[in-house]
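Input: a single structure, listed below in structure tokens.
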Amino acid sequence: MRHGNKNNALGRKKAHRDALLSNLAISLISHKRIETTLAKAKALRRYVEPIITRSKDDSTNSRRMVFADLQSKEATAVLFRDVAPKVAQRPGGYTRIIKLGNRHGDAAEMAMIELVDFNTLYVKEKAGADAKKTRRSRRSPAAKKAEDAVEAKPEASEAEEAKGE
């Protein structure tokens, strides 16, 4: 029985599972987005999120602990150099899993796992949002219509002047 056992064995022994998750984490950190099965993506999320959290503190000890998990100097360097500054203000939830459907060969559920802050479609630019802060106030619909009518009249008169010239 598996009462209280929260890890997904993924059909592998512990050493094989650890090597698999380490390699998937290295690929995710270096490519920022990978496609894998849904079960592996969910297991990878539980494996890589504490590693990313540890990378937010750039100390010798945290670098050694991350390297112990990843066993890759390049991935550790990318994690501390590129990923950690982007996720510094985020309190968690560094990855996103998107289901892709079933694989043709064996009908396995496929998923794409990506680092949230590196997807340009979903990330809002903070500098642009801060630069355009306006005071929002409620106005009646009649006031809006009156303001729009005032703005429309000068445009119409400019068009008439252009025709007259």
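The values are calculated or read from the model by the stated rules, or taken from the named source; none is laboratory data. All of these numbers come straight from a predicted model, not from anything done at the bench. Backbone-built Cβ (ideal geometry, glycine too); neighbour counts: all protein chains shown.
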Quick one: in segment 38-65, of everything that is crowded, with 16+ Cβ neighbours inside 10 Å and of a type in the set (S, T, N, Q), which residue is nearest to Leu100 (Cα to Cα)?
Thr53
Report yes if some residue within segment 11-20 is in a helix (DSSP H, G or I) and either surrounded by 17 or more Cβ atoms within 10 Å (Cβ to Cβ) or polar (S, T, N, Q) (or both); otherwise report no.
yes
Examine segment 60-67 for a residue that is closer than 15 Å to Leu115 by Cβ, out of contact with any Phe, Trp or Tyr (no Cβ under 9 Å at 6 or more places or on another chain) and not acidic (Asp, Glu), and state whether such a residue exists.
no
Residue under question is Leu121, and the condition is that it be modelled with pLDDT of 70 or more, outside any strand (DSSP E or B), surrounded by fewer than 10 Cβ atoms within 10 Å (Cβ to Cβ) and under 24 Å from the mean Cα position of the chain (by Cα); does it hold?
yes
Does Asn23 meet the test of being assigned to a helix (DSSP H, G or I), more than 23 Å from Gln89 (Cα to Cα) and without any contact (Cβ under 8 Å) to a residue 24 or more places away in the chain?
yes
